[in-house]
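Below is one structure, written out as structure tokens; the observations come after it.
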Amino acid sequence: MDALVHSLKYQANLSMAPVLADLLLTRIDKSPIPDFIVPMPLHPVRLRERGFNQALEIGRKLSKQCGSPLLPGACQRIKNTPSQAGLPWKEREKNIRGVFTCETDLTGKHIAILDDVMTTGATLNELAKTLRKHGAVRVSGWVVARTMSPVSLHDS
């Protein structure tokens, strides 16, 4: 899974997006279908650097397959923060605080946030808070992969 995500995200292998969408579909098959799917927004600077939003690319096929419309412009990332991947786990929640804005009325809606990888969940939680402030009554997190928690090894 790691190689597939890295191929899409860091090597711009966009043909991986439908493959990752299919893999995610098998895991959400029995989940309630949300009213909308919101791909995790990238800050405009990161979007220009990468050239595409990997969550949006995965969402294109996912949306068609499950019948839930994509809302790629519903929320924006307004702060260009350091990559979460390079931060200690305890710093991630602070790094991501207040980075999203939303101008869409989501009153009474069930929203699925779509992202490629979840580590601590700080980014998903922050976006979920923003969506709830704009009326969403239910927010689900749909992620292709989840990283493992760091393990402390102690000598016995």
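Quick look at the values:
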{"item": "THR101 accessible area, assembled protein chains, probe 1.4 Å, Å²", "result": "40"}
{"item": "By accessible area with a 1.4 Å probe, ligands and nucleic acids excluded, highest first: order of ARG132, ARG46", "result": "ARG132, ARG46"}
{"item": "Full-extension gain in nm, ALA3 to ALA145, via 0.36 nm per residue minus C-alpha separation", "result": "50.0 nm"}
{"item": "Cysteines in the chain lacking a second Cys C-beta under 4.7 Å", "result": "CYS66"}
{"item": "Label-reachable residues, segment 86-103, where backbone N falls under 15 Å from a point 7 Å from TYR10's Cα toward its Cβ", "result": "86-87"}
{"item": "Taking the convex hull of Cα positions in segment 42-128, its mean projected area over all directions (nm²)", "result": "6.1"}
{"item": "Global form of the chain, assessed from the alpha-carbon gyration tensor, a/c cut-off 1.5", "result": "rounded"}
{"item": "Probe 1.4 Å, all protein chains present, accessible-area order of ASP2, ASP115, largest first", "result": "ASP2, ASP115"}
{"item": "For the chain, calculated [θ]222 nm from helices alone, where every DSSP H run of n ≥ 4 adds -39500 (n - 2.57)", "result": "-12000 deg cm²/dmol"}
{"item": "In nm, spacing of pseudo-spin labels at ILE78 and LYS90 (7 Å Cα→C-beta vector)", "result": "3.0"}
{"item": "Per-residue ³J(HN,Hα) for segment 24-41, Karplus 6.51 cos²θ - 1.76 cosθ + 1.60, θ = phi - 60°, Hz, x for Gly and Pro", "result": "5, 4, 5, 8, 9, 3, 9, 6, x, 6, x, 5, 8, 10, 10, x, 4, x"}
{"item": "Residue-normalised accessible area of the chain, expressed per residue, 1.4 Å probe, Å²", "result": "56"}
{"item": "FRET E, pair HIS110, HIS43, Förster distance 41 Å, beta-carbon r, rounded to 0.05", "result": "0.95"}
{"item": "The chain, accessible surface, carbon-and-sulfur percent (1.4 angstrom probe)", "result": "52"}
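The values are calculated or read from the model by the stated rules, or taken from the named source; none is laboratory data. All values reported here derive from a predicted model rather than from experimental measurement. As a convention, Cβ positions derive from the backbone with ideal geometry for all residues, glycine included, and neighbour counts pool all protein chains shown. All accessible areas refer to the heavy atoms of the entire protein, side chains included, with ligands and DNA or RNA removed. Shrake-Rupley method; radii C 1.70, N 1.55, O 1.52, S 1.80 Å.
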